[in-house]
Amino acid sequence: MARYESLLDACGGTPLVGLPRLSPTVPEGAPPVRLWAKLEDRNPTGSIKDRAALFMVREAEESGHLRPGDTILEPTSGNTGIALAMVAKLRGYRLVCVMPENVSAERIQLLRMYGAEIIFSPAAGGSNQAVATAKQIAAEHPDWKMLFQYGNPANARAHYETTGPELLHDLPTITHFVAGLGTTGTLMGTGRFLKEKVDGIQIVAAEPRYGELVYGLRNIDEGYVPELYDASVLDRRFSVGTRDAVLRTRQLVEVEGIFAGFSSGAILHAALAVAHDAVKAGRRADVAFVVCDGGWKYLSTGAYGGTLNDAEEALEGQLWA
Amino acid sequence: MAIEVRIPTILRSYTGGAKIVEGAGDSLTALIDDLDAKHNGLKGRLITPEGGLHKFVNIYVNDEDVRFLGALDAKLSDGDSITILPAVAGGALGFVAAAALLGR
């Protein structure tokens with residue numbers, strides 16, 4: 001189907017494309033090991049977050065949590081904010097985003113273009129200052145509504161009801177699903193659906209490992225695990241550093257023509273690891289992974305050109321996923 | 001047997017400021033005991049009094065989360081690379097703000 005009543009109806013249904021050049025070669029006679037990319041940049045605002053934003057708003061409307069004209073408050077470092085801004089605009093809500101000030105300039109411009117208001121939390125102050133900023137805002141505006149993507153079951157449900165079924169329909173022979181681990185919504189929702197339907201499927205997480213500036217002096221006792229996270233859905237979990245993420249992001253566009261953001265590179269890195277394990281074990285594998293968004297919003301980082309060392313330096317201190 | 005261990009900033013007070021230290025052991029438990037012998041107090045920051053891995057600590061063996069490799073029983077070999085990191089969600093700061101707003 002290519003005709004929709006409105007932009008909101010055009011969410012999901014993204015293409016799954018094979019990566020014949022990046023898939024590992026197998027010895028003659030061995031079963032094939034193939035990589036497949038789910039192009040989530042083909043969503044209305046260009047990222048996988050459109051699915052969660054739409055489901056969270058829809059369910060909040062149905063439950064009465066959101067009423068026409070309400071203000072939505074969402075702490076976000078980018079794509080969720082952009083997706084929510086679009087949904088809020090079309091559904092008649094005002095959106096206020098709280099975000100760290102060290103996100104890319106494009107994200108800020110996009111949010112403002114979609115009509116969102118932005119309150120910055122200081123990047124250098126770390127989590128304590130973000131907490132302080134958030135508490136201050138909440139005290140001043142007790143009537144603002146939060147959707148809280150880290151703990152909102154509608155976030156995972158979006159993927160249980162759309163991403164998972166789409167993958168199974170397009171790739172019934174799927175053996176591995178690899179996605180990024182942030183709010184954990186994509187992996188929990190898609191993972192649960194696929195585990196119910198496909199015997200032996202492996203659900204694999206790739207999480208970004210940022211430069212030291214981001215972790216800073218984060219106290220181990222004040223850590224955070226999203227409420228949505230359920231480790232039993234996952235089979236493996238990879239931590240992918242900036243350098244590997246950049247390397248794979250560049251390979252995606254150089255070898256397969258897919259221009260993606262750095263989180264997708266990190267996911268490809270984990271996908272290649274499981275693909276190579278399958279080759280070693282002589283097992284057939286159809287590894288589907290998520291391309292979360294396109295590279296447009298990250299061009300200003302300069303990390304698409306120059307040496308890997310330059311790119312690593314350019315992304316130091318940035319939340320690239 | 002030498003295993004390279006990357007220490008996060010917050011725990012470097014135990015390693016004299018060292019970012020990377022070396023340890024030995026054929027399992028994660030053995031490695032942490034070895035590290036604690038050289039850097040007194042480190043174990044207490046990684047392991048709970050009940051003997052499990054601290055909830056907000058992530059340990060990776062060659063970039064893979066050790067919780068999916070047998071946790072403290074995970075087998076280690078010479079040349080493995082270990083990374084210790086505080087647990088943070090993607091987006092890193094937004095979640096803390098969100099949690100604060102909701103009083104969690």
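With contacts taken as Cα pairs under 8 Å at a separation of at least 6 residues, segment A:49-146 carries a relative contact order of 28 percent. Once you order the gyration tensor axes a ≥ b ≥ c over the Cα atoms, which shape class does segment A:49-146 get: rounded for a/c under 1.5, otherwise prolate or oblate by comparing a/b with b/c? Here segment A:49-146 falls in the oblate category. Working ranking of peptides A:21-27, A:268-274 by packing, defined as the average number of other Cβ atoms within 10 Å per residue, highest first, is A:268-274, A:21-27. Peptide B:57-70 has a mean shielding of 4, counted as Cβ atoms of other protein chains within 10 Å of each residue's Cβ. For the protein assembly as shown, the average shadow cast by the Cα convex hull is 21.1 nm², which is a quarter of the hull's surface.
Considering only alpha-carbon pairs that sit under 8 angstrom and 6 or more positions apart, the relative contact order computed for chain A is 22 percent.
Among B:Ile59, B:Ile84, a tally of other beta-carbon atoms within 10 Å of each Cβ gives an order, fewest to most, of B:Ile84, B:Ile59.
Fewest to most neighbouring Cβ within 10 Å: what's the order for A:Met99, A:Met188?
Neighbour counts put them in this order, fewest first: A:Met188, A:Met99.
Peptide A:133-139 shows a mean partner chain C-beta count of 4 within 10 Å per residue C-beta.
Put in line by how crowded their Cβ is, counting other Cβ atoms within 10 Å and starting with the fewest, A:Phe120, A:Phe262, A:Phe177 read A:Phe120, A:Phe262, A:Phe177. The listed peptides A:30-39, A:224-233, ordered by packing as a protection proxy, come out as A:30-39, A:224-233 (highest mean of other Cβ atoms within 10 Å first). Taking N as the residue count of segment B:3-101, its C-alpha radius of gyration divided by 2.2 N^0.38 Å amounts to 1.10.
Compared with the dominant Cα axis of chain A, that is its longest principal axis, helix A:79-91 is turned about 60°. Compared with the dominant principal axis of the Cα atoms in chain A, helix A:242-256 is inclined by about 60°.
For peptide A:34-47, the mean count of partner chain Cβ atoms within 10 Å of a residue's Cβ comes to 0.
Roughly what angle does helix A:126-140 make with the longest principal axis of chain A, taking Cα atoms, 0 to 90 degrees, to the nearest 10? The helix A:126-140 is inclined about 40 degrees to chain A.
Here, each number is a calculation from the coordinates, and none is a lab measurement. Model, not experiment: these values are computed from the prediction. As a convention, Cβ positions derive from the backbone with ideal geometry for all residues, glycine included, and neighbour counts pool all protein chains shown.
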